[in-house]
Structure formats: C-alpha cells, structure tokens
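Since the structure comes first, as structure tokens, the remarks are kept for the end.
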Amino acid sequence: MNQRRILVTGGAGFIGSHLVERLLGGGSQVTVIDDCSTGSIDNLMNVRTHPELRIVQARVSQCPDLDAIVQHCDFIYHLAAAVGVELVVHSPIRTIQTNLRETEAVMDAAAKHGVPILFASTSEVYGKSQQPGFAETDDLLIGPPHLGRWSYACSKLMDEFIALAHAKESGLGVTIVRFFNTVGPRQTGRYGMVLPRFIAAAQAGLPLKVYGDGLQTRCFCYVQDTIEALTRLEACPGARGEVFNIGSTEEVTILQLAERVIETLNSHSSIQLVPYNEAYSTGFEDMLRRKPIVDKLHGAIQFRPLTSLREIIQLTAAAMPPG
C-alpha cells in the first residue's frame, strides 16, 4: 500500500498540531505550511524530528513551493485561518485578508492538480440565529457590517462559497466542516478562547471573568473527537461536496462553565461578570446559542463527539503549563 502524502495548512496551530500527530501515527507523510502567526512550532514538539514530517514556515498564499507541494499530495486539510474573538474584533483587516487569500491560494492549487481538500469553517457562519440547534442546511443570519464580529463569519462563509464553487466548476473533491468550540490541550487563551482562560485563572486562584450576563450557551468539543471526525471524513468519498457540523451537543452556559471549572479543579476562585463593552468594544454582538445538530456527521461516518465536559476540563487543565 502506497504511503499517503498529506498537506496540513495551519498544522502548527491548536487543532492542526493534533491532526498532524494523528496522521504521522497512521503512517502518512505530512507537510505543514504555517506562518506561526497564531500557531507555534512548539505545538509540534512531540513530532518535530519525525522523518515523515516537513514544516514550511510561510503564509499559504506566499509559499513559493505551494504548487509543487500540492502537486505531490493525496489530500489537503486546510486549517490555516485567523482565530479567536479578540483577534477578530481588534484586527478585522488581518482577519478578512487571511481567511480569503489563504483559502483562494490553496483551493486554486488543489483544483489545478485535482487534489481533494477538507476545509475548516466555523459555527460563526450561523450568525445571530437563536434556534435551539443548527443544521447544515439552515439559513444563516449575519449581523450588520459595522460590527466587526461578523466580518469573521462572512469571510469564512465566503471561503465556503469559494470551495463549493470549485467543486461545481472543476469537480474538486471538497469537504467543508464547521467547528463548534473545539477545546483541549495546546489551546491558548491569548486570543480570547474561553476555556483555557478560565482554567488558567482557576489554577492561579484569580477571578474567572465571564463576559456579558454569562447566559449565552456553548457546546465544547474535545480536540481528539474533532480529529477523529476529520480523519474519518477524509476516508469517506460520500463526504465530498458536503458540509458537516463537528461539535459536542452537551450545552452549557458560560456562567455554568465557569462554575464547573472551579468545581472540577477544586479552585477557590470567584466569578466576575464583565460587560461586553469593557471586554471588547462598544457594539459587540454575541451569539446567544451555538448548539450543533450532528446527525448528518453521524450518518456519514458513524461517529459523534462524546467526551464529557468534566473530562475535557480535566484533560485540558492537566496539559496546561504551570504558572
């Protein structure tokens, strides 16, 4: 059996590094392209010297070897993107340009050489809808353009349109996944990610800062569950041309999340409510609910993310560096 050759853009990031480890462990030859603007080579420490790993530190759109790399690939995971609410709110130009330019570059190369690709999108594309659960065929309700939060959603949605346009016009094998709050070891609170931020505060005995009234709900999916879904979708020909939600269905308010972190870690921290306009900027708009419907994912690959929130907190906390 021939060795699989895989390209992972954003492979030094939180999700990407876990995916790279899984692919190498399965015997694949892996090339990573990452500019390390939000990721880090340190995330690949466990496999940095692996003989089947090649790391190219560059922006995807500016990588001189992109065409040659793609030409010799069997599959592409496109995970490179701007990440985190704080980055999105404070650097909207960087967010939009990163998401659009990198996707356009890798999609063009994939289409040129007929290499199937999995594109990582986001639950943010569902926008302001307050439905109890989100399905892949639902209408999307995006907020007004003067609120920077929605620039990220629109840029990722435009990426989806680009991907599906390639699928239609050139027959490119494209699979789109929408991540719902993937969490776990190596995720950083640097860009506003809530769980590592809460865990770090609880471990230090500092207040856990909950933005808004804390009643907004989320579903947190353990990164290894996400990776399992991604690798199964790669091996599923029926997934081509389709969109899939990937996420847990265990819904919790952010206030409850703070309480569970404190309880699980036996912390003496308090909880502090912080108005949105103090945390971000005037006019920030949040999504009140974000629960995926994952029936389509289960139907395609017979898998649903099942790691409990308590276990996720324990695993994430155990992997966080001291201090």
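Values in this text are rule-based calculations from the coordinates and carry no lab data. Predicted, not measured: the structure shown is a model, and the values here were computed from it. When we count neighbours, we look across all protein chains shown, and the Cβ atoms used for this are built from the backbone with ideal geometry, even at glycine.
A few points about this structure:
- Modelled this way, with points 7 Å down the Cα-to-C-beta line, the labels at Leu265 and Glu52 are 3.6 nm from one another.
- Its relative contact order, with pairs defined as Cα atoms under 8 Å and 6+ residues apart, puts segment 1-96 at 34 percent.
- Dimensionless Rg over Rh [segment 58-128; C-alpha; Kirkwood]: 1.02
- Of the residues Arg218, Arg186, Arg59, the one with the fewest other Cβ atoms within 10 Å heads the list, and the complete ranking is Arg59, Arg186, Arg218.
- Computed about its Cα centre, the charge dipole of the chain is approximately 260 debye, with only Lys, Arg, Asp and Glu carrying charge at their Cβ.
- Only Lys, Arg, Asp and Glu carry charge here, each on its Cβ (+1 for the first two, -1 for the last two); on that basis segment 202-295 has a dipole of about 60 debye about its Cα centre.
- Given in Å, the Rg to one decimal and the Dmax to the nearest whole number for the Cα atoms of segment 77-169 are 13.7, 41.
- When His72, His78 are sorted by how many other C-beta atoms sit within 10 angstrom of their C-beta, beginning with the fewest, the order is His72, His78.
- Taking every alpha-carbon pair under 8 Å whose residues sit at least 6 apart, segment 189-296 reaches a relative contact order of 42 percent.
- Options (i) 19.6; (ii) 15.6; (iii) 18.6 - which one matches mean projected area of the Cα convex hull in nm² as calculated here: (ii)
- For Thr188, residues with placed amide H under 5 Å, excluding near neighbours: none
- Counting DSSP beta bridges with both ends in the chain, the antiparallel % (nearest 5): 10
- Alpha-carbon centroids, segment 285-300 and segment 134-175: separation in whole Å: 15
- Amide H to amide H distances under 5 Å link Lys128 with Leu141, Ile142, Gly143, where only residues 5 or more positions off or on other chains count and H is placed in the peptide plane.
- Simple spin-label estimate for Arg5 and Ala318 gives 3.9 nm between the two label positions (7 Å along the Cα-to-Cβ direction from each Cα).
- Under 29 Å from Lys112, Cα to Cα: lysines that are on another chain or at least 8 residues apart: Lys156, Lys168
- GNM on the chain, alpha-carbon springs under 10 angstrom: the most fluctuating residue among Leu44, Leu288, Leu141 is Leu141.
- Taking a Cβ cut-off of under 10 Å around Thr217, the surrounding Lys, Arg, Asp and Glu residues balance to a net charge of +3, with basic ones at +1 and acidic ones at -1.
- Charge dipole of the chain about the Cα centre (unit charges at C-beta), most positive-ward option of Ala105, Ala58, Val177: Ala58
- Relative contact order for segment 110-208, counting Cα pairs under 8 Å that sit 6 or more residues apart, in percent: 32
- Dipole of the chain, positive direction: furthest Cα of Ser267, Ile41, Trp150, with charges on the beta-carbon: Ser267
- Only DSSP H runs of four or more residues enter the estimate; each adds -39500 (n - 2.57), and after division by the residues of the chain the mean residue ellipticity at 222 nm equals -11500 deg cm²/dmol.
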